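Q: The following block contains the structure, expressed as structure tokens.
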Amino acid sequence: MIGVISGAAVWLGFVITTIIVNNAFQKRTLALTVIDAAIWLAVLVLQGVVIACSGNRSGAFCPLIFREVYSGDEFGENRASSSSRFWALSRRAFAQT
């Protein structure tokens, strides 16, 4: 939840203000401004969730892949770094599809 709030705050404070000024200067329609702003909101919220979950070892409010990566159940804490566990689990999930 904190990642969603952080992403939305960054969007509101930095991105939307820049988009409004740039699109007004270029005399773009309101519909284009709304579409551009919505895309950036989605991107920043997703980035906020990923960053918040990557540091959250408990896995609360995080997608399943983050809980598996940081639980240490499969590989053990000292055997592999978190990034190598992430890629190993990603390859396994991709192979199952």
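Each value in this text was obtained by applying a stated rule to the coordinates, not by laboratory testing. Keep in mind it's a predicted model, so treat the numbers as computed, not measured.
Q: Just to be sure I follow: if Rg is taken over the C-alpha atoms of the range 1-54 and Rh is the Kirkwood radius over the same atoms, what is Rg/Rh?
A: Using only Cα positions, Rg/Rh for the range 1-54 is 1.08.
Q: Test of understanding: what is the full-extension gain from Ala24 to Arg92, defined as 0.36 nm times their sequence separation minus their Cα-Cα distance?
A: Difference between extended and current length: 19.7 nm.
Q: Given the Cα-Cα distance of Ala31 and Leu46 and 0.36 nm per residue of separation, how much length would full extension add, in nm?
A: 3.1 nm
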